[in-house]
Each structure stands twice: as C-alpha cells, then as structure tokens.
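Everything on this sheet refers to the single structure shown next.
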Amino acid sequence: MREVRRRITAAAVRVGRDPASVRLVAVGKGWPAGDVALAAAAGISDCGENRVQEALPKIAALAGIRWHMIGQLQRNKARAVAGRFVLVHSVDRRDLADALQRAAERTGAAQDVLIQVSLTGRSSQGGVPPAGAAQLLGHVQRLDALRPLGLMVIAPATADPEAARPAFATLRLLRERLRASSGLALPELSMGMSGDFEVAVEEGATIVRVGSAIFGNRPPADRPAAASAHG
Ligand SMILES: *Cc1c(COP(=O)(O)O)cnc(C)c1O
C-alpha cells in the first residue's frame, strides 16, 4: 500500500496535480474480510467490491470503511446497495438508475453515483457507450434521490499501461462535454486499476480502484475466497 501511494503521489506530481485529489479505493474482491481489515488497519479508508453477495458480509463484519460498488449491478440488488455504499460506480442504464432511485427513496438519503462508460464496444464489463452518456446522465439528473458525481471507465486490459491512456483522456473529454450539457460539476473520474493507475492519475483520475497491486493476485476467475483456506 505504501508503494501504491508513493506511485500515485509521483504520478500526480509529474502533471502538477495535488496528490490529495486522488482517492485510493482498495479492491478486496476475492479476498476475505480479514484481509480487507488488514488494509483498513494500514490506513485504507475506502474499499471497493464488485459483487453484492460478497460485499454484504464484509460490510457487516467491518466498521468504519467507506464502501464503493464497482461491479455490474442487477436491478434486484438495488435495495441491498442503496445507503450501504458511499458511491455506486456502475450506473450504466435507465432501469438500474430507476431501481436505485426507488431504493434510495426508501432509505431517505441521496445515493451518490457515477455513470459507467464503455469505450471498447464490448458489453461484458458494462458501461454506456459515449454516445448514450448524455441521455443517461440527463435521466439520472431528474431522479432526485440520486446524485451523479462523475464518470467511471474500465480501460481495455493490456500489458502496456500507456495503451490505456487514450481511454482515460477520452473519459476526461467526455466529462467536459457532459459538464457543459448538464450544468453539473461532475467532479469525479473513477479510472485506473493495478496495471494502469499511474497513467490514469496523469490523465485526471480522482479515484483509482486498485486490487491486485495491494492484495496480490486473486484466485482464478475472481472467485470469492470465502470457501478457501483463508476463511
Ligand atoms: C477488480 C476490479 C478492479 C481492480 O482490479 P486490479 O487489476 O486487481 O487492480 C478495479 N475496477 C473494477 C471495476 C474491478 O472489477
């Protein structure tokens, strides 16, 4: 974690950004609550999970952590998510936004969300195509229990971090366009993972989602480790 923070700071300084403007979200998916507790004890305040079923027992077991939902979300999970996560990074369609709106209304508190954008054309990881982002944002803007704070992207996985730079730059430009069209501040850009978070910081990330660089390589297929010897 110290090394990841050092690299975030160096990347921010390289482009004249305040390192404090970048939030590190530690992605403990696939690892048991005890490992996430170790990260928290070492100073992590924000943790990310991509599956609701895996996240709920960790949230119940660990106090004082700001949880981020970073994975694709089904509508029927909205009630489990609203109010438990400080930020839902993966709003990519109207029906999900509507379900989160209803769930947030029940909790009586506004839910902060990001619009997840897909720049690859592949739908497996979710995300709205850039051409549909303004319309989706406009819809979310009309839902009074949701607060759209910015955009999220998952860059194509490559061995070369530089290969992710165009995606990050594109997301930043899209944010500028959406700011102008919506009048919203959209302060957050959630982009950058273990393989490319420094490039993301150089391109303006305010949130980086880092898993394996902190916790180590996950078991194959991202399987939750609950049933493993870690338990
Ligand atoms: C797993 C995951 C991450 C973290 O991935 P690493 O490569 O382990 O850092 C970040 N964002 C999302 C959406 C993820 O699912």
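The values are calculated or read from the model by the stated rules, or taken from the named source; none is laboratory data. It should be emphasised that the depicted structure is a prediction, and the values quoted were computed from it without experimental measurement. All Cβ positions, even for glycine, are placed from backbone atoms using ideal geometry, and neighbour counts span all protein chains on display. Only protein heavy atoms, including side chains, enter the accessible area calculation; ligands, DNA and RNA are left aside. Shrake-Rupley method; radii C 1.70, N 1.55, O 1.52, S 1.80 Å.
Please count how many residues of the stretch 121-151 are in contact with an Asp or Glu (Cβ under 8 Å, 6 or more places away or on another chain) and under 16 Å from A169 (Cα atoms).
2
If you check A26 against the conditions, is it open to solvent by less than 10 Å² (accessible area, probe 1.4 Å), within 13 Å of the ligand (Cβ to nearest atom) and in contact with a helix residue (DSSP H, G or I) (Cβ under 8 Å, 6 or more places away or on another chain)?
yes
How many residues does the stretch 73-100 hold that are aliphatic (A, V, I, L, M) and assigned to a helix (DSSP H, G or I)?
Matching residues across the stretch 73-100 total 7.
A quick yes/no check of all residues on (1) open to solvent by 30 Å² or more (accessible area, probe 1.4 Å); (2) in contact with a His (Cβ under 7 Å, 6 or more places away or on another chain):
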{"residue": "R7", "(1), (2)": "yes, no"}
{"residue": "A20", "(1), (2)": "yes, no"}
{"residue": "P32", "(1), (2)": "no, yes"}
{"residue": "A42", "(1), (2)": "yes, no"}
{"residue": "E49", "(1), (2)": "no, no"}
{"residue": "Q53", "(1), (2)": "yes, no"}
{"residue": "L56", "(1), (2)": "yes, no"}
{"residue": "A61", "(1), (2)": "yes, no"}
{"residue": "G64", "(1), (2)": "yes, no"}
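Among (1) open to solvent by 10 Å² or more (accessible area, probe 1.4 Å); (2) touching a Lys or Arg at 6+ places or on another chain (Cβ under 8 Å); (3) closer than 16 Å to L143 by Cα, there is one condition R94 misses while meeting the rest; what is its number?
For R94, the exception is condition (2).
Residues of the stretch 1-56 being in a helix (DSSP H, G or I), under 30 Å from K77 (Cα atoms) and among the polar types (S, T, N, Q), which ones?
Q53
Of everything in the stretch 74-87, what is open to solvent by 10 Å² or more (accessible area, probe 1.4 Å) and over 15 Å from I59 (Cβ atoms)? Give them in sequence order.
Passing the criteria: Q74, R75, N76.
Tally time: how many residues in the stretch 114-135 are open to solvent by 10 Å² or more (accessible area, probe 1.4 Å), part of a helix (DSSP H, G or I) and touching a residue at least 12 places away in the same chain (Cβ under 8 Å)?
Residues that pass the stated criteria total 2.
This table checks each residue for (1) within 14 Å of the ligand (Cβ to nearest atom); (2) of a type in the set (S, T, Y); (3) on the phi > 0 side of the Ramachandran plot; (4) modelled with pLDDT of 95 or more.
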| residue | (1), (2), (3), (4) |
| --- | --- |
| L114 | yes, no, no, yes |
| P156 | yes, no, no, no |
| E162 | no, no, no, yes |
| R179 | no, no, no, yes |
| L189 | yes, no, no, yes |
| A200 | yes, no, no, yes |
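In the stretch 188-198, how many are part of a loop (DSSP other than H, G, I, E, B) and more than 14 Å from the chain's Cα centre (by Cα)? Full working, then the answer.
Residues of the stretch 188-198 part of a loop (DSSP other than H, G, I, E, B): 191-196.
Now drop any that are not more than 14 Å from the chain's Cα centre (by Cα), which leaves 195-196.
The number of residues fulfilling the criteria is 2.
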